[in-house]
Amino acid sequence: MESSDKTAREIYLELKSNPSRPRFGFGDKAILVNIDPQKAYTRTDLFKTAYETDPNQMQHINQLAKQFRKIGWPVVWTQVAYMESGEDCGVWGTRTNTPDSLQNIGFGSQRSEFDDRLEIDKVNDVIYCKKMPSAFFETQLQSLCVWHKVDTVILTGGSTSGCIRATAVDSLSRGYRTIIPEQCVADKHESYHFANLTDLAIKYADVMDVQEVFDRLNK
């Protein structure tokens, strides 16, 4: 195993300036999957489980969603919420049991609500409640991708090391080109964030500046 005194951020920036692999690239049609941009994870002023990497993340996500709707491509939002008993969280919820624990994000709770800054079209956008890290796991996302004949999945939300990573791996495993706009994902600590962006960029996805995604959509 290679060792280094560099930080995760430094390693990522080096890879970004000198990519080690060619990109998968954009296909013909994409789906935008916004993963768990809910208050438990976005409102740092309310919940200690929340995090912020780029202060403009919600604005970028709104703009992406707006552009997707404009060209008639699907927009998906996911959120996590569980029964009062927490049993639908399964073994994932057995490690802790505090007010901030995952399994205690109840249906209808403030923690389960989407961030107020988001512009969600509740008539035309698709909203899924997911229970596990990947947005593909036991949701209808795969069927939606097939119906819309997409070949590219663009991911936003959080966390980079958790649900973004899990969804990206599942997306690639299903044969989709997978794109992660850097400014649209976030994590609790920069080490987790940048280490996973590095690994994702090398193995599973194209990690790129959000402006490049905007430019591609405009074409």
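Which members of the stretch 206-218 meet the condition of being surrounded by fewer than 21 Cβ atoms within 10 Å (Cβ to Cβ) and touching a Phe, Trp or Tyr at 6+ places or on another chain (Cβ under 6 Å)?
Within the stretch 206-218, just Arg216 meets the criteria.
May I ask you to say which residue of Val91, Val76 is at pLDDT 95 or above and either among the hydroxyl-bearing types (Ser, Thr, Tyr) or under 14 Å from the mean Cα position of the chain (by Cα) (or both)?
Just a single option satisfies the conditions, and that option is Val76.
With the requirement that a residue be more than 20 Å from Ala50 (Cβ to Cβ) and in a strand (DSSP E or B), what does the stretch 156-179 give you?
Arg177, Thr178, Ile179 - these are the residues of the stretch 156-179 that are more than 20 Å from Ala50 (Cβ to Cβ) and in a strand (DSSP E or B).
Can you tell me which condition Arg165 does not meet? The list is (1) in contact with a strand residue (DSSP E or B) (Cβ under 8 Å, 6 or more places away or on another chain); (2) of a type outside the set (Ser, Thr, Tyr); (3) surrounded by 16 or more Cβ atoms within 10 Å (Cβ to Cβ), and all the others hold.
Against the list (1) in contact with a strand residue (DSSP E or B) (Cβ under 8 Å, 6 or more places away or on another chain); (2) of a type outside the set (Ser, Thr, Tyr); (3) surrounded by 16 or more Cβ atoms within 10 Å (Cβ to Cβ), Arg165 comes up short only on (1).
Name the single residue, out of those in the stretch 70-122 being in contact with an Asp or Glu (Cβ under 8 Å, 6 or more places away or on another chain) and β-branched (Val, Ile, Thr), that is nearest to Ile164 (Cα to Cα).
Step by step, filter the stretch 70-122, then rank; the result is Thr78.
What is the number of the single condition among (1) out of contact with any Gly (no Cβ under 6 Å at 6 or more places or on another chain); (2) among the acidic types (Asp, Glu); (3) over 26 Å from Arg43 (Cα atoms) that Asp151 does not meet?
Status for Asp151: all satisfied but (1).
Can you say whether Ala135 is closer than 24 Å to Phe26 by Cβ and part of a helix (DSSP H, G or I), as far as the supplied structure shows?
no
Output the residue which, of all residues in the stretch 187-205 that are surrounded by fewer than 23 Cβ atoms within 10 Å (Cβ to Cβ) and outside any helix (DSSP H, G or I), is farthest from the chain's Cα centre (by Cα).
The extreme case among them is His189.
Checking Val76 against (1) within 27 Å of Leu144 (Cβ to Cβ); (2) hydrophobic (A, V, I, L, M, F, W, C); (3) exposed (fewer than 11 other Cβ atoms within 10 Å of the Cβ), which test does it fail?
(3)
Can you name every residue in the stretch 4-60 that is in a loop (DSSP other than H, G, I, E, B), surrounded by fewer than 18 Cβ atoms within 10 Å (Cβ to Cβ), in contact (Cβ under 8 Å) with a residue 12 or more places away in the chain and basic (Lys, Arg)?
Arg21, Arg23, Lys29, Lys48 - these are the residues of the stretch 4-60 that are in a loop (DSSP other than H, G, I, E, B), surrounded by fewer than 18 Cβ atoms within 10 Å (Cβ to Cβ), in contact (Cβ under 8 Å) with a residue 12 or more places away in the chain and basic (Lys, Arg).
Cβ-Cβ below 6 Å, separation at least six or inter-chain, first residue in the stretch 64-86 and over 20 Å from Glu182 (Cβ atoms), second buried (at least 18 other Cβ atoms within 10 Å of the Cβ) and at pLDDT below 95: which pairs?
Filtered contacts from the stretch 64-86: Gly86/Gly93.
Under the condition of being surrounded by 18 or more Cβ atoms within 10 Å (Cβ to Cβ) and among the aliphatic types (A, V, I, L, M), which residue from the stretch 79-101 is nearest to Val150 (Cα to Cα)?
Val80
The values are calculated or read from the model by the stated rules, or taken from the named source; none is laboratory data. Computed from a predicted structure; not experimentally measured. Virtual Cβ from ideal backbone geometry, glycine too; neighbours counted across all protein chains shown.
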